[in-house]
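A.B. asks: Got a structure for you, written out below as structure tokens; questions coming shortly.
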Amino acid sequence: MTDIDRSKPVLVTGANGYVASWLVKKLLDEGLTVHGTVRDPANTKKVGHLLKLAEVAPGTLKLFAADLLSDGAFDEAAQGCELVFHTASPFIIRIRDPQTELVDPALNGTRNVLETCNRVESVKRVVLTTSVAAIYGDAADMTDAGLEAFTEAQWNTSSSLEHQPYSYSKTVAEKEAWRIAKGQERWDLVCINPALVLGPSLSQASDSTSLVTIKQLANGTMKPGAPALEFGIVDVRDVALAHYQAGFTPAAKGRHIVVSDTANFLDMAAIIRRHFGNGYPLPRKTLPKFLVWLVGPIQGGISRRFVSRNVGHKLRFDNSRAREQLGVAFRRVEDTIRDHFQQMLDDGLIQQR
Ligand code: NAP
């Protein structure tokens, strides 16, 4: 691919999201013109922070209304764009209907946006926000496959509408993106596969599960103990940078695992205690697996299969492609969680103790 012309607008779908807001900030700070799609540009609660960012940055922001489920909705925003970042997709875990709440917007939405790219002649590159959830479903998949760490070569084969439907939605959406990309030659596809994204939020109106995770740690939900669940963790600012680099590095191609390190709930609690003291009702011990297995489905909304295949299982990722191809030097998880908690205090989402 040749260089992207930086004088042309750049499309960001779901521009108001937790992850996308940091990407929009980076693009505006670089002086670019951003065409951001949101469901409702008049909803100041959802887009106010973007308008404020644009006021002080050298770049220009233009918002467009677009729903993932409305065919052709992205055509107007894509006009004149060489670079498209498709980030919009629901990241919600507690759902009633996985098909309509997760799979339809992820899969049909990706199809919709990429069909726009096929129609709009200016598009040269698409950067898709996918997830490590498209690489693996359960932590146990790693040892089952005889791996020391997941790499971009793996695909999630264990998730379904019934088991880990969010992961399933990301898997089918990324597969569809590769299928559509291979059906044409004008634009190329670069995928960003982040693990659990944490770090300060620019928006206070995001539904992202990322923001729920630290809130649950801080509000005492896990005070009696936390399940031994490992997460790959990455800073939201590094995820934004990975997208930016994927867009503007001509040689970038393929998938990129974007993760700094792995940590469990007790590791996260220990970081918060180190920086903010002992006043918060954070967990101090690990819940026995049999107890999580017993009460998880009743109290925690997690299935016994999820517990069996994830609690107490090791999880590792190889992030060398993102470091070497995209030049991302990942922030330490310690700094990410400290900054995330500080922002929640600053925004009054947690009371100072
Ligand atoms: P978020 O803050 O909830 O952002 C999701 C975005 O998608 C919002 O802009 C949302 O718009 C938009 N969206 C949802 N349904 C839509 C629809 N039907 N039509 C149009 N827009 C729709 O969540 P996030 O954490 O930033 O997630 C952004 C992307 O990163 C997603 O693709 C997610 O799968 C991926 N990801 C996130 C993580 C993580 O840990 N956060 C990890 C890996 C990958 P509204 O604000 O109007 O709802």
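A.B. asks: What are the pairs, 6+ residues apart or on separate chains, where a residue within the stretch 292-309 that is over 20 Å from Ile92 (Cβ atoms) and open to solvent by 90 Å² or more (accessible area, probe 1.4 Å) has its Cβ under 8 Å from a residue that is among the charged types (D, E, K, R) and in a helix (DSSP H, G or I)?
C.D. replies: These pairs meet every condition: Trp293/Arg304.
A.B. asks: Scan the stretch 275-288 and report the pairs whose first residue is without any contact (Cβ under 8 Å) to a residue 60 or more places away in the chain and under 16 Å from Asn219 (Cα atoms) and whose second residue is small (Gly, Ala, Ser) and not in a loop (DSSP other than H, G, I, E, B), with Cβ atoms within less than 8 Å and a gap of 6+ or a chain change.
C.D. replies: Between residues of the stretch 275-288 that are without any contact (Cβ under 8 Å) to a residue 60 or more places away in the chain and under 16 Å from Asn219 (Cα atoms) and residues that are small (Gly, Ala, Ser) and not in a loop (DSSP other than H, G, I, E, B), the close pairs are Arg284/Ala269.
A.B. asks: Hey, can you tell me all the residues within the stretch 200-258 that are modelled with pLDDT under 95, assigned to a helix (DSSP H, G or I) and hydroxyl-bearing (Ser, Thr, Tyr)?
C.D. replies: Result: Thr209, Ser210, Thr213.
A.B. asks: Please go through the stretch 190-200 and give me each residue that is more than 8 Å from the ligand (Cβ to nearest atom) and among the small types (Gly, Ala, Ser), ordered by number.
C.D. replies: Correct list: Gly199 only.
A.B. asks: Which condition number does Met1 fail, the rest of (1) at pLDDT 95 or above; (2) part of a loop (DSSP other than H, G, I, E, B) being met?
C.D. replies: The failed condition is (1).
A.B. asks: Further, regarding this structure: In the stretch 18-63, which residues are part of a loop (DSSP other than H, G, I, E, B) and either under 15 Å from Ala78 (Cα atoms) or open to solvent by less than 20 Å² (accessible area, probe 1.4 Å) (or both)? Please lay out each step first, then the result.
C.D. replies: At the first step, the residues of the stretch 18-63 found to be part of a loop (DSSP other than H, G, I, E, B) are 30-32, 39-43, 57-59.
Hits for the stretch 18-63 are Leu32, Ala57, Gly59.
A.B. asks: Can you find a residue in the stretch 82-105 that is over 18 Å from the mean Cα position of the chain (by Cα) and near the ligand (Cβ under 9 Å from one of its atoms)?
C.D. replies: No: zero hits.
A.B. asks: Name the residue that is farthest from Cys81 (Cα to Cα), counting only residues in the stretch 4-17 that are outside any loop (DSSP other than H, G, I, E, B) and not polar (S, T, N, Q). Before you say what the answer is, go through the steps one by one.
C.D. replies: From the stretch 4-17, those outside any loop (DSSP other than H, G, I, E, B) are 10-13; that's our starting set.
Filter once more, keeping what is not polar (S, T, N, Q): 10-12.
On the way: Val10: 5, Leu11: 6, Val12: 10 Å.
Taking the candidates together, the pick is Val12.
A.B. asks: Could you say which residue among Ser260, Ser303 is of a type in the set (S, T, N, Q) and over 22 Å from the mean Cα position of the chain (by Cα)? Spell out how you get there, then give the answer.
C.D. replies: Working: Ser260 fails: over 22 Å from the mean Cα position of the chain (by Cα).
So the residue among Ser260, Ser303 that is of a type in the set (S, T, N, Q) and over 22 Å from the mean Cα position of the chain (by Cα) is Ser303.
A.B. asks: Right, next: With Asn43, Asn108, Asn112 as the choices, which residue is within 13 Å of the ligand (Cβ to nearest atom) and over 17 Å from Thr129 (Cβ atoms)? It would help to see each step written out before you state the result.
C.D. replies: On the way: Asn108 fails: over 17 Å from Thr129 (Cβ atoms); Asn112 fails: over 17 Å from Thr129 (Cβ atoms).
Within the list Asn43, Asn108, Asn112, the selection yields Asn43.
So that you can scan it fast, the table gives a plain yes or no per residue for (1) touching a residue at least 40 places away in the same chain (Cβ under 8 Å); (2) within 26 Å of Asn108 (Cβ to Cβ); (3) surrounded by fewer than 16 Cβ atoms within 10 Å (Cβ to Cβ); (4) touching a His at 6+ places or on another chain (Cβ under 8 Å):
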site: Cys191; (1), (2), (3), (4): yes, yes, no, yes
site: Val197; (1), (2), (3), (4): yes, yes, no, no
site: Ile233; (1), (2), (3), (4): yes, no, no, no
site: Ala242; (1), (2), (3), (4): yes, yes, no, yes
site: Val259; (1), (2), (3), (4): yes, no, no, no
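A.B. asks: Within the stretch 165-189, which residues are open to solvent by 30 Å² or more (accessible area, probe 1.4 Å), away from the ligand (no atom under 11 Å from the Cβ) and either assigned to a strand (DSSP E or B) or aromatic (Phe, Trp, Tyr) (or both)? Lay out the reasoning, then the answer.
C.D. replies: Pass one, the stretch 165-189, residues open to solvent by 30 Å² or more (accessible area, probe 1.4 Å): 166, 168, 172, 175, 178-179, 182-186, 188.
With away from the ligand (no atom under 11 Å from the Cβ) added as a condition, the list becomes 168, 172, 175, 178-179, 182-186, 188.
The answer is Tyr168, Trp178, Asp188.
The values are calculated or read from the model by the stated rules, or taken from the named source; none is laboratory data. Predicted, not measured: the structure shown is a model, and the values here were computed from it. Cβ: placed from backbone, ideal geometry, glycine included. Neighbour counts: every protein chain shown. These area figures cover heavy atoms from the full protein model, side chains too; ligands, DNA and RNA do not enter into them. Shrake-Rupley method; radii C 1.70, N 1.55, O 1.52, S 1.80 Å.
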